[in-house]
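The values are calculated or read from the model by the stated rules, or taken from the named source; none is laboratory data. Being a predicted model, the structure only gives us computed values, none of them experimental. Cβ: placed from backbone, ideal geometry, glycine included. Neighbour counts: every protein chain shown. In case anyone asks, the SASA skips ligands and DNA or RNA and just uses the protein heavy atoms, side chains included. Shrake-Rupley method; radii C 1.70, N 1.55, O 1.52, S 1.80 Å.
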Amino acid sequence: LSRRCSCSCRLWLLLLLLCRLNYTIMCKLVISAMLCVLSWHLKGASANDPASSWLTYASFSVPASSGVITRVSTTWTIPTMPAVPFGSNAPGWWFGVQTAGGNGALIQPIMAYGYQGSKFSIFNGVFDWTDESWRTSPEVQTVKPGENIISELAMSPSDTRTYVMKIAKEGNEPITTPFTLNKRQTDPETVVYFVLEHQPITCKAYPTSEKLTFRNITVEVNGKVVTPTWEIHQEVPACNSRAEAVDAQTLEFTWSTKWRGASDENNYDVDTSAWPRKWWSAEQPGVTEEA
């Protein structure tokens, strides 16, 4: 950010100098350049969730004046394997909490396909917009189609700035990962997300069951169970993906592996350059450290 400001200040000084010298054409050119810089600043400042890598999602928001999300839990079943083991861009089905502005820590237990080869994996992660860091749990577990997953994230009873994520195959010990909010984050975690993320190169690389259901969803605000009213959003959908609120405790995500998308070959021209650097290139294990 300091480099951006330094560059901007120099350009503004040059603009003032040229205008005082009546270099009209140069003045206009510099103004045009400054508008581009300003646009760049605004674009950078608005980087937040929902991200462009999200296909479809459900959200529940709590006004900051009403409290903070203190716990979310759910269960789901691993879907079937994809018809082809490549071209999926490591899709993830996850839930998490974030600030109302979407510019804080996105704390998220995750189930993904293709994270460690042609298989399903579960782990915990945090994408923190305060420093644009991506952290994952050191432990990753492999899971198989048909197995049930139990997961929760909850505010620590001893520290309101720390959340603890847990995710496990039913019957196994959970992967337990604490995360403490960055000191620069001042807004509370007041939004719950359930998300399908990462558009595929080909829809055939998504699970053939074409459905995943989050069940037994429980949301707590200020330590008390509430009944969430889910809002459904299509962010950057692909493969006819959709989310549906069956009821307050059940969210269903569907997609089509036969959907003919951007071309007759059923392929998508996926631009990942704008995506947050998340699990498809996880490089920072250990979420207990601040970046």
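Remarks
- Residue within segment 143-156 that is small (Gly, Ala, Ser), open to solvent by less than 50 Å² (accessible area, probe 1.4 Å), farther than 22 Å from Gly171 by Cα and at pLDDT 95 or above present: yes
- Scanning segment 219-245 for residues that are under 16 Å from the mean Cα position of the chain (by Cα) and open to solvent by 50 Å² or more (accessible area, probe 1.4 Å) yields a count of 6.
Residue-by-condition table, conditions (1) out of contact with any Cys (no Cβ under 8 Å at 6 or more places or on another chain); (2) of a type in the set (Val, Ile, Thr); (3) more than 26 Å from Val191 (Cβ to Cβ):
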position	(1), (2), (3)
Pro85	yes, no, yes
Ala100	yes, no, no
Leu106	yes, no, no
Gln116	yes, no, yes
Phe123	yes, no, no
Val126	yes, yes, no
Arg135	yes, no, no
Pro138	yes, no, yes
Thr142	yes, yes, yes
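- In this structure, Pro276 does not satisfy being at pLDDT 95 or above and either open to solvent by less than 30 Å² (accessible area, probe 1.4 Å) or not in a strand (DSSP E or B) (or both).
- Some residue of segment 107-124 being open to solvent by less than 20 Å² (accessible area, probe 1.4 Å), out of contact with any helix residue (DSSP H, G or I) (no Cβ under 8 Å at 6 or more places or on another chain) and assigned to a loop (DSSP other than H, G, I, E, B): no
- Residue within segment 201-217 that is without any contact (Cβ under 8 Å) to a residue 60 or more places away in the chain, open to solvent by 10 Å² or more (accessible area, probe 1.4 Å) and among the β-branched types (Val, Ile, Thr) present: no
- Filter result (open to solvent by 60 Å² or more (accessible area, probe 1.4 Å), of a type outside the set (Asp, Glu) and assigned to a strand (DSSP E or B)) within segment 246-261: Val246
- Pairs with Cβ under 8 Å, 6+ apart, first in segment 222-243 and closer than 23 Å to Arg71 by Cβ, second of a type in the set (A, V, I, L, M) and surrounded by fewer than 16 Cβ atoms within 10 Å (Cβ to Cβ): Thr227/Ala248; Pro228/Ala248; Thr229/Ala248; Trp230/Ala248; Ala243/Ile232
- Filter result (out of contact with any strand residue (DSSP E or B) (no Cβ under 6 Å at 6 or more places or on another chain) and either part of a strand (DSSP E or B) or buried (at least 17 other Cβ atoms within 10 Å of the Cβ) (or both)) within segment 69-83: none
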